[in-house]
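The values are calculated or read from the model by the stated rules, or taken from the named source; none is laboratory data. Predicted, not measured: the structure shown is a model, and the values here were computed from it. Please note: Cβ atoms are built from the backbone with ideal geometry, for glycine as well, and neighbour counts cover all protein chains shown.
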């Protein structure tokens, strides 16, 4: 079996630290895991008036999510919370009421920030939403990363002194998905 993992990156910036770390982490996944990105920058703002006639981009996102076995979310921390574009995508995927595309999908969260606390508060807020969406979420190990210029090398791989830490997270996440995929 191949496990398909929907990947959401909460930063739209071209040189995003979170995208860089997401790509390096995905390289550590076992061969039976396939990660694909859900583009969130082109989604309309959530408006309940649109629940009965969602935009094509929203329907496509929801179909891709429903066709996955898990969700990998990589987020920066903006003003002590998650970026609005990420929260918007999560809200769109959960609506209309009774058509929650996230329900039952195992999730893992990671975040990178230049600040010394990494993304601890953003991920705390994110976990509250994921619990409401009925998504079992990997609790440990936590991954609140402070960006350092030498974290990922020019080849897109983690530096030798941090690779084991990131490999441990990926090993734990993929085992968590194997145990929880399809339980909804």
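Just need a number here: residues in region 40-55 that are under 30 Å from residue 25 (Cα atoms) and either surrounded by fewer than 14 Cβ atoms within 10 Å (Cβ to Cβ) or modelled with pLDDT under 95 (or both). Matching residues across region 40-55 total 4.
In a residue-by-residue description of region 27-35, the property of being in contact with a helix residue (DSSP H, G or I) (Cβ under 9 Å, 6 or more places away or on another chain), closer than 21 Å to residue 133 by Cβ and touching a residue at least 40 places away in the same chain (Cβ under 8 Å) applies to no position.
Being in contact with a helix residue (DSSP H, G or I) (Cβ under 7 Å, 6 or more places away or on another chain) and within 30 Å of residue 145 (Cβ to Cβ): is that true of residue 74 here? Against the criterion (in contact with a helix residue (DSSP H, G or I) (Cβ under 7 Å, 6 or more places away or on another chain) and within 30 Å of residue 145 (Cβ to Cβ)), residue 74 qualifies.
Note on region 77-100: residues that are buried (at least 24 other Cβ atoms within 10 Å of the Cβ) and in a loop (DSSP other than H, G, I, E, B) amount to 2.
If we scan region 57-66, do we find a residue that is at pLDDT 95 or above and assigned to a loop (DSSP other than H, G, I, E, B)? No: zero hits.
Of the candidates 145, 121, the single residue that is surrounded by 13 or more Cβ atoms within 10 Å (Cβ to Cβ) and in contact with a helix residue (DSSP H, G or I) (Cβ under 9 Å, 6 or more places away or on another chain) is 145.
Only one of the numbered conditions (1) in contact (Cβ under 8 Å) with a residue 60 or more places away in the chain; (2) touching a strand residue (DSSP E or B) at 6+ places or on another chain (Cβ under 6 Å); (3) closer than 22 Å to residue 3 by Cβ is not met by residue 107, and that is (1). Every listed requirement among (1) farther than 25 Å from residue 163 by Cα; (2) loosely packed, with under 12 Cβ neighbours inside 10 Å; (3) touching a strand residue (DSSP E or B) at 6+ places or on another chain (Cβ under 8 Å) is met by residue 32 save one, (1). Any residue in region 104-115 that is surrounded by 16 or more Cβ atoms within 10 Å (Cβ to Cβ), out of contact with any helix residue (DSSP H, G or I) (no Cβ under 7 Å at 6 or more places or on another chain) and more than 19 Å from residue 38 (Cβ to Cβ)? Yes: one or more hits.
Conditions (1) free of Cβ contacts under 8 Å to residues at least 24 places away in the same chain; (2) under 24 Å from residue 170 (Cα atoms); (3) within 14 Å of the chain's Cα centre (by Cα), marked per residue:
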| residue | (1), (2), (3) |
| --- | --- |
| 19 | no, yes, yes |
| 51 | no, no, no |
| 71 | no, yes, yes |
| 88 | no, no, yes |
| 96 | no, no, no |
| 100 | no, no, no |
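Applying the selection to region 4-25, what residues are within 20 Å of residue 179 (Cβ to Cβ) and surrounded by fewer than 19 Cβ atoms within 10 Å (Cβ to Cβ)? Scanning region 4-25 gives a single hit, 4.
Scanning region 112-146 for residues that are in contact with a strand residue (DSSP E or B) (Cβ under 8 Å, 6 or more places away or on another chain), assigned to a helix (DSSP H, G or I) and under 18 Å from residue 18 (Cα atoms) yields 120, 121, 122, 123, 125, 126, 127. The residue that is farthest from residue 128 (Cα to Cα), counting only those in region 59-68 that are over 13 Å from the mean Cα position of the chain (by Cα) and either surrounded by 20 or more Cβ atoms within 10 Å (Cβ to Cβ) or in contact (Cβ under 8 Å) with a residue 60 or more places away in the chain (or both), is 67.
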